[in-house]
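Below you'll find the structure, written out as structure tokens, and then a few comments.
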Amino acid sequence: MQNKFTHYFLVLFSALLLLSSCSDNDDNGTPIAFTTTEYQVTYELTLGDPVIINPEISNLDETVKFQWLKDGVEIATTQEINFLSESAEAFTLQFIAISNTNTIKRSYEVKISDPYALYFRAKTETSSQFISKVMQYLPAPGQFINSGFGTPEAAEKIVGSKTNTLSLGAWGGYVIFTFDHTIENAVDSKDFVVYGNAFKGGSEPGIVQVSFDSNGNGIADDKWYELAGSNYTNERTIKNYQVTYTNPGSYKDVSWTDNKGSNDVVAINSYHTQNYYPLFATSLTELVFKGTRVFPIVNVDRYVSIDALEWGYADNYDAEYSKYGGNVMDINWAVDDNGNPVNLKGIDFVKVYTAAQYNAGAIGEISTEVRGAADLSMLK
Ligand SMILES: [Ca+2]
Ligand SMILES: [Ca+2]
Ligand SMILES: [Ca+2]
Ligand SMILES: [Ca+2]
């Protein structure tokens, strides 16, 4: 019996020695460790922002395995997590890294809030239907720019009414404005109107973009979405278009180049003899605009006339224009940069920019005009 026991112990002892020496050879005996002891434990994010965490670890090799648990359920097996939550929620993320030598763990507390629950500004009895503030006005060069309809003073005048006119100049020139409340996206109906100076044969389509103040800071620094009008999928429409205008320094044609290898000018006419380049812009050298370019049908006969696009553009004489004196917009038309529809509950900021580029002879360049905007739910 004693011999048998001794034998067992010897075998067991040898086996343990063998195991431990094998293990030593595999991992060189260096345990993995977090590079820093301090780390960000709490993450407060808004819905739509992914949780991205990449814990730094020393002594990593390819045999190390990772695991991320969300409230105990595995959601990733990579070192970095990039997780997009679909609802407002709070949860614990646990990170585990396992090497042949040791296991290390960390926990994170994540809170995702719904920006609409936090920052939606519902309209009240004292709310105005009209624009409350112009956030930014940066026209492209044009015949009205630096005089009359094309100055920072003219931009201020589209606040609170629909009786004054602001020109956005040639392609890309824009105005950004807001209201004293969030414009709600009404289900199955249109939501706001942008007033213009269009008439039959006188359409100068402007693209409308919308944005919700999802960080609640009152500044238009949030994500923009284009309202995809009737020409969004037209084969002539150019997306990710870019134009650079150069200041000629005086009353001269303003030359431009685009990112498609073309160049041309915004041509001067004899009715407007000032410099057409906006002299209140930050850069007095050149201006770069980005966006989508559409191609309305221009009829050059005895007079130049520009046909309306079917729907979804500002300063565009579409079927509903005469009813409102402007163009009605549905927030439901909003798409992201990839053209996917997005579900916005409401919007705080509207951007309108000239969407066509054309020299129409004596009547000058195609330039979108804005005479104000209103919350459709507040129109009597
Ligand atoms: Ca709607
Ligand atoms: Ca903001
Ligand atoms: Ca115009
Ligand atoms: Ca116009």
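The values are calculated or read from the model by the stated rules, or taken from the named source; none is laboratory data. Because the structure is a prediction, the values reported are computed rather than measured. Cβ placement follows ideal geometry from the backbone for every residue including glycine, while neighbour counts extend to all protein chains displayed.
Sort through S147, S167 and tell me the only one that's in contact with a Ser or Thr (Cβ under 7 Å, 6 or more places away or on another chain), hydroxyl-bearing (S, T, Y) and in contact (Cβ under 8 Å) with a residue 12 or more places away in the chain.
That would be S167, the only listed residue that is in contact with a Ser or Thr (Cβ under 7 Å, 6 or more places away or on another chain), hydroxyl-bearing (S, T, Y) and in contact (Cβ under 8 Å) with a residue 12 or more places away in the chain.
State all residues of region 252-265 that are within 28 Å of the chain's Cα centre (by Cα) and surrounded by 15 or more Cβ atoms within 10 Å (Cβ to Cβ); if no residue qualifies, say none.
If the condition is that a residue be within 28 Å of the chain's Cα centre (by Cα) and surrounded by 15 or more Cβ atoms within 10 Å (Cβ to Cβ), then W256, T257, D258 are the ones that fit.
Give me the pairs: first residue in region 253-282 and closer than 17 Å to A356 by Cβ, second residue assigned to a loop (DSSP other than H, G, I, E, B) and aliphatic (A, V, I, L, M), beta-carbon distance under 6 Å, and six or more apart or on different chains, which are they?
Filtered contacts from region 253-282: V266/A170.
Scan region 37-55 residue by residue and report those that are at pLDDT 95 or above, over 27 Å from the mean Cα position of the chain (by Cα) and among the polar types (S, T, N, Q).
Within region 37-55, Q40 is the sole residue that qualifies.
S377 versus (1) buried (at least 19 other Cβ atoms within 10 Å of the Cβ); (2) under 15 Å from I183 (Cβ atoms); (3) over 18 Å from the mean Cα position of the chain (by Cα): which is the lone unmet condition?
Only one criterion in (1) buried (at least 19 other Cβ atoms within 10 Å of the Cβ); (2) under 15 Å from I183 (Cβ atoms); (3) over 18 Å from the mean Cα position of the chain (by Cα) is unmet by S377, namely (1).
Could you tell me which numbered condition I207 fails, if it satisfies all but one of (1) within 16 Å of ligand 3 (Cβ to nearest atom); (2) part of a loop (DSSP other than H, G, I, E, B)?
(2)
Name the residue, out of A122, A90, that is of a type in the set (A, V, I, L, M, F, W, C), part of a loop (DSSP other than H, G, I, E, B), in contact with a strand residue (DSSP E or B) (Cβ under 9 Å, 6 or more places away or on another chain) and loosely packed, with under 14 Cβ neighbours inside 10 Å.
A122
Which ones in region 87-97 are over 17 Å from N54 (Cβ atoms) and out of contact with any Asp or Glu (no Cβ under 9 Å at 6 or more places or on another chain)?
Of everything in region 87-97, just one residue is over 17 Å from N54 (Cβ atoms) and out of contact with any Asp or Glu (no Cβ under 9 Å at 6 or more places or on another chain), namely E89.
Could you tell me whether any residue of region 183-201 is assigned to a strand (DSSP E or B), within 14 Å of ligand 4 (Cβ to nearest atom), in the same structural domain as D318 (by TED's automatic domain parsing) and more than 24 Å from the chain's Cα centre (by Cα)?
yes
Select from region 239-262 the residues that are of a type in the set (S, T, N, Q), in contact with a strand residue (DSSP E or B) (Cβ under 8 Å, 6 or more places away or on another chain) and closer than 17 Å to K290 by Cβ and list them in ascending order.
Of everything in region 239-262, those that are of a type in the set (S, T, N, Q), in contact with a strand residue (DSSP E or B) (Cβ under 8 Å, 6 or more places away or on another chain) and closer than 17 Å to K290 by Cβ turn out to be N240, Q242, T244, T246, T257, N259.
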